[in-house]
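What follows is a set of notes on a single structure, which appears directly below.
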Amino acid sequence: DIQMTQSPSSLSASVGDRVTITCRASQTIKTYLDWYQQKPGKAPKLLIYVASTLESGVPSRFSGSGSGTDFTLTISSLQPEDFATYYCQQSYDTPYTFGQGTKLEIK
Amino acid sequence: VQLVESGGGLVKPGGSLRLSCAASGFTFSDYYMSWIRQAPGKGLEWISYISRSGGTIYYADSVKGRFTISRDNAQNSLYLQMNSLRDDDTAVYYCARDKSTSWYPDFDYWGLGTLVTVSS
């Protein structure tokens, strides 16, 4: 199985900050990497697919990059509604594994 | 687009449940679908995937041989038959639509989830 490791596991930041979350795959997954946002009690929401493509309706302050084994999700200027847990997920091979999540909290 | 799961509840270890996911707002038969679960306070775990026709299916090792995914395109419905349930199957179960047209899924719509609790 492909292991997905996110860092950090938690992060405190302020509104307006620039934030970067990283995701590392245990083997190459080319660009088959998605990012999701999940708020408490809600279903995950797709933000970025194939590493860098912004899902329709997602604000442009979200961006993704990377290929192979190393990927990043960047939020350019944090907004109050961005405080949530973020997951990466590889879609390269079954089982389609997720990272353990990064909880983004208000400082 | 709407996905609505049902069928969750409390079941004893070794028991069975059948989850359903009713799809609306899109042509269900055009999309691959998956079940993904989340144990209380934990992360996300993909567990099963089914092709548009139902002819190709994948499972995570954690559920292989115990769970069966199926779909009825005429009824716009996705199912998950869960047998030999264990304590560690306790989770919220989500159905999710794959927006891609390949075998590299991107889950663009999710249901609200249905809670399955396995406990004696």
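No value in this document is a laboratory result; all are computed from the given coordinates. For clarity, every value in this text was computed on a predicted model and none was experimentally measured. Backbone-built Cβ (ideal geometry, glycine too); neighbour counts: all protein chains shown.
Annotations
- Each part gets one Cα centre, and for segment B:41-93 versus segment A:46-107 those centres are 25 Å apart.
- Neighbourhood charge, 15 Å Cβ-Cβ cut-off, centred on A:S65 and excluding it, Lys, Arg +1 and Asp, Glu -1: +2
- Listed residues A:D93, A:D82, A:D34, most fluctuating in chain A (Gaussian network, C-alpha, under 10 Å): A:D93
- Cut-off 15 Å between beta-carbons: net charge of the residues surrounding A:L104, Lys and Arg +1, Asp and Glu -1: +3
- Between A:A51, A:A84, A:A25, the residue with the greatest mean-square fluctuation in the GNM of chain A (Cα pairs under 10 Å linked by springs) is A:A84.
- Listed pairs A:K39/B:K64; A:K30/A:K103; A:K107/B:K42; A:K45/A:K103; A:K45/A:K107 exceeding 18 Å between Cα atoms: A:K39/B:K64; A:K30/A:K103; A:K107/B:K42; A:K45/A:K107
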